[in-house]
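Here, each number is a calculation from the coordinates, and none is a lab measurement. This one's a predicted model, so the numbers in the text were calculated from it and none came from an experiment. No Cβ is skipped: glycine too gets one built from the backbone with ideal geometry, and neighbour counts run over all protein chains shown.
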């Protein structure tokens, strides 16, 4: 089980987390004994250890893990639980071990996302569309924006930033721009050559390359 020295170290960390993330955040320190699990909570509202509702799913989830098998605990990160009062929590739990690697407790962060879920559900009908994202129109209003977007698309196809591209990567990117009509835009050659760190002469030589 957790000794007082470790608890003394963990309590200000837990309090700091709840202060950072506000009233919707709760930190739970679980203390494990040889038979099962006892729980105490650091609550952001008053900054002291208070009694935790042990019948909540957030407590039962970890209790079941320790009671079933302490040697092979399940890992829990970004999991969702539902409180008995209906609140929905997004949580992450890390295990606390002694010098012999035995689990002696856990440190859990719970964030109440109930309000966020309501907002998400309210916004979904307003933001969802029947067509897929691939069918959406991304045509910019200005030709300069179009050129910028085409350059970005050529870089994405390469999978490398321009500074890390090889000669072959740049040839492929520039040929892609040419097939998309980018070089028909006024002064596109200047912008493209500057972006890829090459001269305009090199730019047009890449277009003629058979690579």
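Taking the Cβ of each residue in 21, 107, 196 as the centre, tally the other Cβ atoms inside 10 Å and list the residues starting with the fewest.
Values: 21 15, 107 18, 196 22.
By the 10 Å Cβ count, ascending, the order reads 21, 107, 196.
Spin-label point model (7 Å from Cα, Cβ direction): what's the residue 100 to residue 7 distance in nm?
2.2 nm
Provide 30, 142, 110 in ascending order of the number of other Cβ atoms located within 10 Å of each residue's Cβ, fewest first.
Exposure proxy ranking, most exposed first: 142, 110, 30.
Label-point separation (nm) for residue 92 and residue 24, each offset 7 Å from Cα along Cα-to-Cβ?
The modelled label-to-label distance comes out at 1.7 nm.
Using R₀ = 22 Å, calculate the FRET efficiency as 1/(1 + (r/R₀)^6) where r is the Cβ-Cβ separation of residue 160 and residue 201; round to 0.05. Before the final figure, lay out the partial values.
Numbers: r = 23 Å, r/R0 = 1.05.
After rounding to 0.05, the efficiency reads 0.40.
Tell me, 32, 27, 13, 129 in order of fewest to most beta-carbon neighbours within 10 Å? Before the final figure, lay out each step's value.
Numbers: 32 24, 27 21, 13 12, 129 8.
Listed from fewest to most nearby Cβ atoms, that is 129, 13, 27, 32.
When the Cα atoms of region 133-208 are enclosed in a convex hull and the volume is divided per residue, what value in Å³ results?
Working: hull volume 6.8 nm³, N = 76.
Once divided by residue count, the hull of region 133-208 is 89 Å³.
Report the label-to-label distance for residue 187 and residue 80 in nanometres (one decimal), using points 7 Å from each Cα along the Cα→Cβ vector.
Inter-label distance under the simple model: 5.1 nm.
Taking a point 7 angstrom from the Cα of residue 209 along the C-beta vector, which residues in region 170-191 have backbone N less than 19 Å away?
Under cut-off, by backbone N: 170-183, 189-191.
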